[in-house]
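> Dropping the structure in here first, questions after.
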Amino acid sequence: MTPLRSDLALIAREVPAGARVLDVGCGDGALLAALRDGRGADARGLEIDAANVAAAMAQGLAVVQGDADRDLADYPSDSFDIAILSQTLQTTYRPDRVIGELLRIAPRAFVSFPNFAHWRVRWSLMWNGRMPVTRELPVSWYETPNIHHLTVRDFKGFVAERHLAIDGAWYLAGGQAIGAAGANWRAEQAVFALRRG
């Protein structure tokens, strides 16, 4: 089995055994397989890309093709214990609505995203005057799926405005956990555990 991406490994460690989980934007199902096999979770996925859906289903995973912006409304309230949105928030048209839907269908959610205030991003903009291409943002501006660029500070402000509770926050740089001090400029990625306020 291929090792999980660092944010996914962190989320996998935090999901309680036996939880009912919906992974929105689940990709090829790597996290779902880890949760099913390692945590005994009832793990299901929603994924927009047909090739990723096929790859996940080939592993015996319960994944349906769908779009987070449109299809989360079809899930009943409180149908899962945990909803996960990893590296997908910035690709949605209405991130505010997507997070609202996550916390409607599950009382807890994990959200991870690339931090666009990381020092390498800032340096690239300042030095080159161009949108950066980094390890976490590996494609040029015209081919990126990212349509909403957010920072750690932006996300914390969003959560506070909506009176959501943060149960945990983790910051990653180079695939390793770092402390919260200066995370807005030091972290390449952030992972937040949210619950209804």
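> Six or more apart or on different chains, Cβ atoms under 7 Å: show the pairs whose first residue is in the stretch 176-192 and at negative phi and among the acidic types (Asp, Glu) and whose second is surrounded by fewer than 18 Cβ atoms within 10 Å (Cβ to Cβ) and in a helix (DSSP H, G or I).
Close Cβ pairs (under 7 Å, with a partner that is surrounded by fewer than 18 Cβ atoms within 10 Å (Cβ to Cβ) and in a helix (DSSP H, G or I)) do not exist here.
> Pick out the one residue from 55, 12 that is among the aliphatic types (A, V, I, L, M) and more than 22 Å from residue 105 (Cβ to Cβ).
Criteria check complete, one pass: 55.
> Shifting gears a bit: Output the residues belonging to the stretch 78-108 that are modelled with pLDDT under 95 and aliphatic (A, V, I, L, M).
If the condition is that a residue be modelled with pLDDT under 95 and aliphatic (A, V, I, L, M), then 89 is the only one that fits.
> Next question, about the same structure. Out of the residues in the stretch 5-18 that are under 16 Å from residue 85 (Cα atoms) and outside any helix (DSSP H, G or I), which is modelled with the lowest pLDDT?
5
> Take the stretch 49-86 and flag every residue that is free of Cβ contacts under 8 Å to residues at least 60 places away in the same chain, under 19 Å from residue 5 (Cβ atoms) and surrounded by 20 or more Cβ atoms within 10 Å (Cβ to Cβ).
53, 56, 61, 63, 68
> So which pairs qualify, if the first residue must be in the stretch 1-27 and more than 23 Å from residue 66 (Cα to Cα), the second must be among the basic types (Lys, Arg), the Cβ gap must be under 7 Å, and the two must be at least 6 apart or on different chains?
15/39; 17/39
> Might you let me know whether the stretch 87-102 holds any residue that is in contact with a helix residue (DSSP H, G or I) (Cβ under 6 Å, 6 or more places away or on another chain), without any contact (Cβ under 8 Å) to a residue 40 or more places away in the chain, part of a helix (DSSP H, G or I) and crowded, with 16+ Cβ neighbours inside 10 Å?
For the stretch 87-102, residues in contact with a helix residue (DSSP H, G or I) (Cβ under 6 Å, 6 or more places away or on another chain), without any contact (Cβ under 8 Å) to a residue 40 or more places away in the chain, part of a helix (DSSP H, G or I) and crowded, with 16+ Cβ neighbours inside 10 Å: present.
> Just checking, how many residues over the stretch 116-154 are at pLDDT 85 or above and touching a Leu at 6+ places or on another chain (Cβ under 8 Å)?
Residues meeting the conditions: 2.
The values are calculated or read from the model by the stated rules, or taken from the named source; none is laboratory data. Keep in mind that what you see is a predicted model, and the values were worked out from it rather than measured. Cβ: placed from backbone, ideal geometry, glycine included. Neighbour counts: every protein chain shown.
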